[in-house]
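Scroll down for the structure; my scribbles are underneath it.
The values are calculated or read from the model by the stated rules, or taken from the named source; none is laboratory data. All values reported here derive from a predicted model rather than from experimental measurement. Every residue, glycine among them, receives a Cβ derived from its backbone with ideal geometry; neighbour counts consider all protein chains shown.
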Amino acid sequence: MHSPGPLSRLHDRLQQWADAGWSNGVVFGWGLLQGVIFPGVADLFFLPLSLARPERAYRLALVATAGTLIGSVVLYWVGAEALVWLEGPLSRFVGLSPSDLHAYRERLAEWGGLAIFASTMSPLSTKLTSIASGAAGVPFVVFTLALLAGRLTRTMALAWLVRHGGAAAVQRWLQPVRHE
């Protein structure tokens, strides 16, 4: 008789969690909390629960994106509120003039969306990007659309990988090794 290995037991546990009916809430909640408070991987629950139930991967990708987007928007507004302070004492302390800040904002209005999109594909913290975008005056619509496009691209690509190979690869890894 073969006892299941740790990877197999973990996969079974994730399938139980996915079948318990609260995977959407967990994925959304983690995306929201990770977007606002907790450091760490945004896909911490989305990917394992998608691998456990690949047929739910695309829906979970949308749920994860919604949670992260809402959390990031909250931090954008925190950064925007900090802008008043940054324009005053802090900018004078580091030697930035109002014209320097204006030029920086113009560059962000032009290139900020691309930078935000790129940050969603990198290991850079979305929290830092969100706060910095608000504090630097990236237009809200540009910020939101770039973040949404980047997060959707990332999560949908991961969901596609899960649906078209990732889940099958996990199943192959879970098969017991046969010693002849």
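Condition check ((1) farther than 30 Å from D12 by Cα; (2) part of a loop (DSSP other than H, G, I, E, B); (3) modelled with pLDDT of 80 or more) across all residues:
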{"site": "F38", "(1), (2), (3)": "no, yes, no"}
{"site": "A57", "(1), (2), (3)": "no, no, yes"}
{"site": "G67", "(1), (2), (3)": "no, no, yes"}
{"site": "G71", "(1), (2), (3)": "yes, no, yes"}
{"site": "V84", "(1), (2), (3)": "yes, no, no"}
{"site": "G88", "(1), (2), (3)": "yes, no, no"}
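Assess whether L49 counts as being in a helix (DSSP H, G or I), at pLDDT 70 or above and either surrounded by 22 or more Cβ atoms within 10 Å (Cβ to Cβ) or in contact with a Ser or Thr (Cβ under 7 Å, 6 or more places away or on another chain) (or both). For L49, the condition - in a helix (DSSP H, G or I), at pLDDT 70 or above and either surrounded by 22 or more Cβ atoms within 10 Å (Cβ to Cβ) or in contact with a Ser or Thr (Cβ under 7 Å, 6 or more places away or on another chain) (or both) - is met.
Across the range 108-127, the number of residues qualifying as among the small types (G, A, S), modelled with pLDDT of 75 or more and surrounded by fewer than 16 Cβ atoms within 10 Å (Cβ to Cβ) comes to 1. Just name the residue that is modelled with the highest pLDDT out of those in the range 3-36 that are aromatic (F, W, Y) and assigned to a helix (DSSP H, G or I). The qualifying residue modelled with the highest pLDDT is F28.
For the range 134-150, indicate whether the set of residues that are among the hydrophobic types (A, V, I, L, M, F, W, C), at pLDDT below 70 and assigned to a helix (DSSP H, G or I) is non-empty.
So far as the range 134-150 goes, no, none of its residues is among the hydrophobic types (A, V, I, L, M, F, W, C), at pLDDT below 70 and assigned to a helix (DSSP H, G or I).
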